[in-house]
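A.B. asks: My questions will all concern the structure given below.
The values are calculated or read from the model by the stated rules, or taken from the named source; none is laboratory data. Small disclaimer: the values here were computed from a predicted structure and weren't measured. In this analysis, Cβ positions are derived from the backbone assuming ideal geometry, glycine residues included, and neighbour counts consider all displayed protein chains.
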Amino acid sequence: MQHRSRNFFLTLGVCFFIYFNFFSFQVITPQYLTDLGGTGFQAGLQNSFFFIAGILLRLYFGPMADSRGRKIPILIGAFVFATTPLLFLISNNVPMIFVSRFYQAIGLAAFFSSGTSLISDIAPPQKMGTYMGSYRFTATMALVVGPGISIALINNFGYSTQFIFSFFVGMISFALGVFLIPPSLKASEVSKNPIYQLKTVLNNKLLWPIYLGAGVVAFSYGTLLTFGSIYFSRATDVANPGLYFTIFALLGMVGNISAGGISDKIGRRAVVTPSLTLLGLGIFILYFLPGTTSILWISSIITGLGYGSSITAIFTWITDVTEQKARATALAFQESALDIAYASGSFLFGISISLWDYGPSFSLIGIITLFTAGFFLFGGKERRKKYAQEMAGQD
């Protein structure tokens with residue numbers, strides 16, 4: 001395919017700089033809002049508001065990427081993530097932060113599913129997992145470096161410097177996006193009817209088990225990210241519990257880059273099942289954390305590897321079983337499922353710890369994840385047969 005390598009590396013560049021800003025603002029926005037006089041409740045509410053707005057806006061931008069091509073929503077997303085820091089720069093009260101987050105949610109809705117869709121368009125069918133793994137690796141790398149650089153800038157030079165820096169980071173992503181030359185879709189691969197695209201996704205029975213797996217992954221990850229540091233601080237004497245998430249992210253990158261290529265050879269289900277098992281086991285053993293610090297590091301290794309591998313294989317699996325004319329719409333549903341599961345996981349886990357404390361609550365999340373792995377391992381023969389037929393049709 002003409003321009004394949006060029007488009008691939010340009011897309012990875014756009015991905016890195018957009019995710020750099022996305023993860024940075026996820027981390028710094030709560031603190032910035034409270035520094036402006038907001039409450040802890042408002043700091044949490046702005047995050048829920050951001051994701052809910054993104055979920056609703058995806059109903060428009062997902063079908064847009066399928067009907068008008070991937071480049072337009074990618075450029076919209078890049079421009080929004082580039083200019084949002086300028087809104088933060090002039091925001092001096094809590095309502096303006098909420099306005100800024102709604103604007104940033106446009107970028108969330110426009111780019112995330114479109115970028116993944118473009119990677120699936122570029123990738124040779126036999127290397128779909130490898131290309132998708134590289135994309136997820138790039139996003140995870142942005143998580144590793146983005147928040148740390150942003151916090152360092154704020155601590156040394158203040159918020160204004162960080163916002164200006166983020167603007168220039170965002171403009172790099174937009175400039176790279178301008179040079180994209182996405183492959184042209186055949187007339188038979190394009191639908192101008194967004195209702196058709198939505199129906200195609202909703203009627204695709206192969207997608208729903210995959211969405212279930214994605215929801216459980218996000219549910220587990222959300223609770224770990226939100227409550228892990230609190231539990232680690234209480235249950236161990238480790239000076240910096242945040243090291244757990246550093247190891248988690250690094251092993252997640254290993255999972256991203258390895259799972260794609262492996263799933264190209266042995267199938268997506270064969271990767272998702274052991275990956276979910278690792279994730280569930282890593283969370284379950286946190287029950288035994290008090291008094292046994294080594295559990296912390298074992299958990300960080302296997303949960304990071306399980307999360308990175310499962311999320312890569314799941315995204316690739318969705319592209320396998322969805323026709324190209326509805327692929328961005330299907331991935332938009334996927335992103336929304338992740339956001340809903342992430343938010344609900346934090347809420348339900350909060351209820352759980354009020355009833356059973358942290359250790360038993362984490363063990364329960366681990367058991368739920370392990371049961372989901374069992375669902376994929378022992379799925380009905382008919383579902384396996386349908387998936388095999390779909391995979392054969394992709395070759």
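A.B. asks: Exactly one condition in (1) more than 30 Å from residue 233 (Cα to Cα); (2) at pLDDT 80 or above; (3) touching a helix residue (DSSP H, G or I) at 6+ places or on another chain (Cβ under 8 Å); (4) of a type outside the set (D, E, K, R) is false for residue 367; which is it?
C.D. replies: (1)
A.B. asks: Continuing with the same structure: Look through the stretch 68-88, keep the residues that are surrounded by fewer than 19 Cβ atoms within 10 Å (Cβ to Cβ) and modelled with pLDDT under 95, and return whichever of them is farthest from residue 17 (Cα to Cα).
C.D. replies: Within the stretch 68-88, the match that is farthest from residue 17 (Cα to Cα) is 68.
A.B. asks: When you scan the stretch 91-105, do you find a residue that is within 19 Å of the chain's Cα centre (by Cα) and of a type in the set (A, V, I, L, M, F, W, C), even just one?
C.D. replies: Scanning the stretch 91-105, I find at least one residue that is within 19 Å of the chain's Cα centre (by Cα) and of a type in the set (A, V, I, L, M, F, W, C), so the answer is yes.
A.B. asks: In the stretch 173-193, how many are under 17 Å from residue 8 (Cα atoms), at pLDDT below 80 and surrounded by 14 or more Cβ atoms within 10 Å (Cβ to Cβ)? Show your work before the answer.
C.D. replies: If we filter the stretch 173-193 for residues that are under 17 Å from residue 8 (Cα atoms), which is where we start, we get 173-185.
Next cut, at pLDDT below 80 only: 183-185.
Of the ones still in play, those that are also surrounded by 14 or more Cβ atoms within 10 Å (Cβ to Cβ) are 183, 185.
Looking only at that region, the number is 2.
A.B. asks: For the stretch 211-270, what are the residues that are of a type in the set (A, V, I, L, M) and without any contact (Cβ under 8 Å) to a residue 60 or more places away in the chain? Break it down stepwise before answering.
C.D. replies: Initial filter on the stretch 211-270 (of a type in the set (A, V, I, L, M)): 212, 214, 216-218, 224-225, 230, 235, 238-239, 243, 247, 249-251, 253-254, 257, 259, 262, 266, 270.
Result: 225, 238, 239, 243, 247, 251, 254, 266, 270.
A.B. asks: Cβ-Cβ below 7 Å, separation at least six or inter-chain, first residue in the stretch 102-119 and within 14 Å of residue 7 (Cβ to Cβ) and assigned by TED's automatic domain parsing to the domain that holds residue 77, second charged (D, E, K, R) and in a helix (DSSP H, G or I): which pairs?
C.D. replies: Taking only residues 6 or more apart or on different chains, the pairs are 117/327.
A.B. asks: Just a yes or no: is a residue in the stretch 120-136 more than 20 Å from residue 261 (Cβ to Cβ) and of a type outside the set (S, T, N, Q)?
C.D. replies: Taking the stretch 120-136 first, the residues more than 20 Å from residue 261 (Cβ to Cβ) are none.
No, there is no match, as no residue in the stretch 120-136 is more than 20 Å from residue 261 (Cβ to Cβ) and of a type outside the set (S, T, N, Q).
A.B. asks: Return the pair list, or none, for Cβ contacts closer than 8 Å from residues in the stretch 33-47 that are in the same structural domain as residue 99 (by TED's automatic domain parsing) and outside any helix (DSSP H, G or I) to residues that are among the hydrophobic types (A, V, I, L, M, F, W, C) and modelled with pLDDT of 85 or more, at least 6 apart or on different chains.
C.D. replies: If the second residue must be among the hydrophobic types (A, V, I, L, M, F, W, C) and modelled with pLDDT of 85 or more, the pairs left are 36/94; 36/97; 37/94; 38/94; 38/97.
A.B. asks: Would you check if residue 243 is within 14 Å of residue 327 (Cα to Cα), assigned by TED's automatic domain parsing to the domain that holds residue 315 and modelled with pLDDT of 80 or more? Outline the logic, then answer.
C.D. replies: On the way: within 14 Å of residue 327 (Cα to Cα): no; assigned by TED's automatic domain parsing to the domain that holds residue 315: yes; modelled with pLDDT of 80 or more: yes.
Spelling it out, it is not the case that residue 243 is within 14 Å of residue 327 (Cα to Cα), assigned by TED's automatic domain parsing to the domain that holds residue 315 and modelled with pLDDT of 80 or more.
A.B. asks: When you scan the stretch 220-329 for helices (runs of 4 or more DSSP H) that lie fully inside it, which ones turn up with 2 or more residues that are among the aromatic types (Phe, Trp, Tyr) and within 27 Å of residue 26 (Cα to Cα)?
C.D. replies: Correct list: 243-266, 294-320.
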